[in-house]
Amino acid sequence: MTSPTTAHADDARASLEALRTEIGKAVVGQDSAVTGLVVALLCRGHVLLEGVPGVAKTLLVRALAASLELDTKRVQFTPDLMPSDVTGSLVYDARTAEFSFQNGPVFTNLLLADEINRTPPKTQSSLLEAMEERQVTIDGTPRMLPEPFLVAATQNPVEYEGTYPLPEAQLDRFLLKLTVPLPSREDEIGVLARHAAGFNPRDLAAAGVRPVAGPADLEAARQAVAKTAVSPEITAYVVDICRATRESPSLTLGVSPRGAAALLSTARAWAWLTGRDYVIPDDVKALALPTLRHRIQLRPEAEMEGVTADAVITAILSHVPVPR
C-alpha cells in the first residue's frame, strides 16, 4: 500500500510534469529548457539561459512563474545599473526622521536578470550573496530572501560589444547553463500561427496559462529528490568525469568539487522526475552538459581550432568507464 508521503511525492511529480503542457500554451518547443528550469528549482539552484534575441527566453521564465504560482520580477541589466537597483536600499523618511529599507527586485521567488552581461562586474556581484546565501546584506544587516528563490539570467551569445563577461566565481554559482536554440521549421510555423490567431505574449492569462503547481508541491518534490538513492559507483562515476576535465589538454580550467556536487544533485533530480528513486549512469550523462559546460575554460589554441566546451565534455563522457 502506498504511504501518504509517497502519494504526496507522486502528486508533486505529476504537477511538475504538467508544467510542460501549461508552459506549452505560451512557448512552442524548448522542452529541454523547461526541464532544466524545473531541475534547478528542485535543486535550489540558478540558471543561465543563453540564446539569441527573440527565442522566448523572457517568455519562458514568465510562463514558468505563472504555471507555478510564484512571484516573479524582471531586471533589465544595463551599463548604468547600480547594485542597490537590484538588492534594495535604505531610504530616508522625512516624516519619521528614520531610514527604512526598501526592497529591491531581488526579493521575489523568480528573478529574471535580463542580459546580465550588459552590466559592470560591481553590479553583477550584487547577486552573488543572494544566489549563494539566499540573503542580501544592507548596512551590515542581513535580510533573508523568500523561499523558493531562483535567478534565471539571460545573455546573448553573439553580441559581445559593450558587455562584461561573467567572472568564473559567478558562473560557478549557476547550477545550469541552458542553451535556448532557434526553433525548428515546424515550431516556428506554430509560433506564427499563434500570433496570427491573436496570441499576446504579454498576457499569459489570456493564453490560458494557469497555476498547476505551487510551493507545497515544490517542497514535497524536493524532499523526495533528497531521498533518491545514489550508489557508491555512481558517486565515483561523477568524480571520474569531473577529474577528467581537469586533465583534459583542451582546458585550462576543469570542474571544481562544487561542480561535481552540482552534477550529482541534478542527476538525482532528473532521476526522480523520470519516475525512479535511484540514479543510473544515464541520468548523469543527461545532465552533464548543462551542469558542466560553464564550469570549464578552453585553452586559446583549442578555441582557435573550433573546439567547444560541449565537445570536450561529450568526448570525456565517451571515454570515462561507465559503472555496471
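What is the set of long-range amide H partners of residue 138 at a cut-off below 5 Å, with H atoms built 1.01 Å from backbone N?
143
Could you run the Debye sum over the Cα atoms of the chain, one equal point scatterer each and no solvent, and tell me log10 of I(q)/I(0) at q = 0.08, 0.10, 0.14 Å⁻¹, two decimals?
Values, matching the q order: -0.40, -0.63, -1.20.
Per residue of segment 137-154, what does 6.51 cos²θ - 1.76 cosθ + 1.60 with θ = phi - 60° give for ³J(HN,Hα)? Whole Hz please, x for Gly and Pro, Karplus curve as stated.
10, 10, 6, x, 10, x, 10, 6, 8, x, 10, x, 9, 9, 9, 10, 9, 10
Note the count of lysine pairs whose C-alpha atoms are less than 23 angstrom apart in the chain, limited to pairs 8 or more residues apart or on different chains.
9
Could you compute the net charge surrounding residue 108? Neighbours are other residues with a C-beta less than 10 Å from the C-beta of residue 108; K and R count +1, D and E count -1.
Values: positive: 73, 74; negative: 71.
Neighbour charge sum, excluding residue 108 itself: +1.
Can you list the residues, at least 5 places off or on another chain, whose amide H is less than 5 Å from the amide H of residue 163, using H built in the peptide plane?
none
If R₀ is 56 angstrom, what is the calculated FRET efficiency for the pair residue 197 and residue 240, using the beta carbon separation as r and rounding to 0.05? Intermediate results must be reported in sequence, preceding the final value.
Working: r = 51 Å, r/R0 = 0.91.
For R0 = 56 Å, the calculated efficiency reads 0.65.
Quick one: what are the phi-derived ³J(HN,Hα) couplings along segment 282-298, Karplus 6.51/-1.76/1.60 with θ = phi - 60°, whole Hz, x for glycine and proline?
5, 5, 5, 5, 5, 9, 5, 5, x, 7, 10, 4, 9, 9, 10, 10, 6
Restricting to DSSP loop positions (anything but H, G, I, E, B) with no more than 15 other Cβ atoms inside 10 Å of their own Cβ, which chymotrypsin sites (Phe, Trp or Tyr not before Pro) remain in segment 100-183? Kindly include the intermediate steps, with their values, before the conclusion.
Details: sites: 101, 107, 149, 160, 174; in loops: 107, 149, 160, 174.
Those satisfying the criteria are 160.
What value, in deg cm²/dmol to 500, does the helix sum -39500 (n - 2.57) over DSSP H runs of n ≥ 4 give at 222 nm once divided by the residues of the chain? The partial results should precede the final answer.
Details: 14 runs with 148 residues, N = 324.
So the helix-based figure for the chain works out to -13500 deg cm²/dmol.
Within the chain, what is the longest stretch that has no GluC sites (Glu not before Pro) placed in a DSSP loop and near at most 11 other beta-carbon atoms within 10 Å?
On the way: sites that count: 161, 247, 305.
Value returned for the longest uninterrupted segment is 1-160.
If I model a spin label at residue 189 and residue 261 as a point 7 Å from the Cα along the Cα→Cβ vector, what separation in nanometres do I get?
4.9 nm
Name the long-range amide H neighbours of residue 46: under 5 Å, sequence gap of 5 or more, or other chain; modelled H, no Pro or chain starts.
Correct list: 175, 176.
I need the phi-derived Karplus couplings for segment 263-272: 6.51 cos²θ - 1.76 cosθ + 1.60, θ = phi - 60°, integer Hz, Gly and Pro marked x.
Per-residue couplings from phi come out as 5, 5, 5, 5, 5, 5, 5, 5, 4, 5 Hz.
So in segment 1-129, what percent of DSSP beta bridges are antiparallel if you round to the nearest 5?
Numbers: 6 of 11 bridges.
DSSP beta bridges in segment 1-129 are roughly 55 percent antiparallel.
Using alpha-carbon positions, what is the distance between the centroids of segment 261-324 and segment 70-99, in Å?
Spelled out, the Cα-based centre of one part sits 38 Å from the other.
Only bridges whose two residues both fall in the chain count here: according to DSSP, what percent of them are antiparallel, nearest 5?
Working: 12 of 30 bridges.
Of the beta bridges lying entirely in the chain, close to 40 percent run antiparallel.
Extending each Cα 7 Å along its Cβ direction at residue 17 and residue 134, get the distance between those two points in nm, one decimal.
2.8 nm
Give me the percent of the accessible area of the chain that comes from carbon and sulfur atoms, probe 1.4 Å, all protein chains in place.
About 54 percent, which is the carbon plus sulfur part of the accessible surface.
What does the charge count around residue 201 come to, taking other residues whose C-beta lies under 10 Å from its C-beta (Lys +1, Arg +1, Asp -1, Glu -1)? Before the final figure, lay out each step's value.
Working: positive: 62, 194, 202; negative: 203.
Summing Lys and Arg as +1 and Asp and Glu as -1 gives +2.
Taking the Cα-to-Cβ direction at residue 322 and at residue 304 and moving 7 Å from each Cα, how far apart do the two end points lie in nm?
According to this spin-label approximation, the distance is 3.7 nm.
Among the trypsin sites (Lys or Arg not before Pro) within segment 150-257, which fall in a DSSP loop and have no more than 14 other Cβ atoms within 10 Å of their own Cβ?
Here the trypsin sites (Lys or Arg not before Pro) that fit, given the DSSP loop and packing criteria, are 202, 227.
The values are calculated or read from the model by the stated rules, or taken from the named source; none is laboratory data. As the structure is a computational prediction, the values presented were derived from the model and not from experiment. Because the Cβ atoms are built from the backbone with ideal geometry, glycine has one as well, and the counts that use them run over all protein chains shown. What goes into the accessible areas is simple: the full protein's heavy atoms, side chains included, and nothing from ligands, DNA or RNA. Shrake-Rupley method; radii C 1.70, N 1.55, O 1.52, S 1.80 Å.
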